[in-house]
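Undergrad: What follows is a single structure, and I will ask about it in a moment.
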């Protein structure tokens, strides 16, 4: 069942719906983006977030975030204001990572 999450970023109110469960291609896209970010090493936050966007976009089913296009791409998603846009990307990365960890956790019975 898709997972709706509310944006904690004041400048970008609304919500996104994450694909749930995530398919292999979506997980690979996210993990590949994380790997690319790690390979960049010492660079700007803007470049790191831009590099991460394809992985995030692969995991989001729908966007209802004020100021974000209905069908965002790495080239049209807002990068400013810098702090708020960074908070948006960080929040999505954290939520998707939590979804991956949740999927890996097997309850003990």
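Undergrad: From the Cα gyration tensor of the chain, with a ≥ b ≥ c the square roots of its eigenvalues, which class applies: rounded if a/c is under 1.5, or else prolate if a/b is larger than b/c, or else oblate? Each step should come with its number before you reach the end.
TA: On the way: a/c = 1.81, a/b = 1.24, b/c = 1.46.
In terms of gyration-tensor shape, oblate.
Undergrad: Mind giving me the nanometre distance, one decimal, between the label points for residue 98 and residue 75, set 7 Å out from Cα along Cα→Cβ?
TA: Between residue 98 and residue 75, the simple spin-label model gives 3.3 nm.
Undergrad: Next question. How much mean residue ellipticity at 222 nm does the chain get from its helices, if each DSSP H run of length 4 or more adds -39500 (n - 2.57) and you divide by all residues, to the nearest 500 deg cm²/dmol?
TA: Details: 3 runs with 55 residues, N = 109.
Result for the chain, helices only: -17000 deg cm²/dmol.
Undergrad: May I ask you to work out the translational diffusion coefficient for the stretch 1-64 at 37 °C, viscosity 0.692 mPa s, via Stokes-Einstein with Rh from the Kirkwood sum over Cα pairs, reported in whole µm²/s? Walk me through the numbers before you get to the answer.
TA: Values: Rh = 12.7 Å.
For these conditions, the coefficient is 258 µm²/s.
Quick note: the coordinates plus some simple rules give every number you see, no bench work behind them. What you see is a predicted model, and the numbers here were worked out from it, not measured in a lab. Cβ: placed from backbone, ideal geometry, glycine included. Neighbour counts: every protein chain shown.
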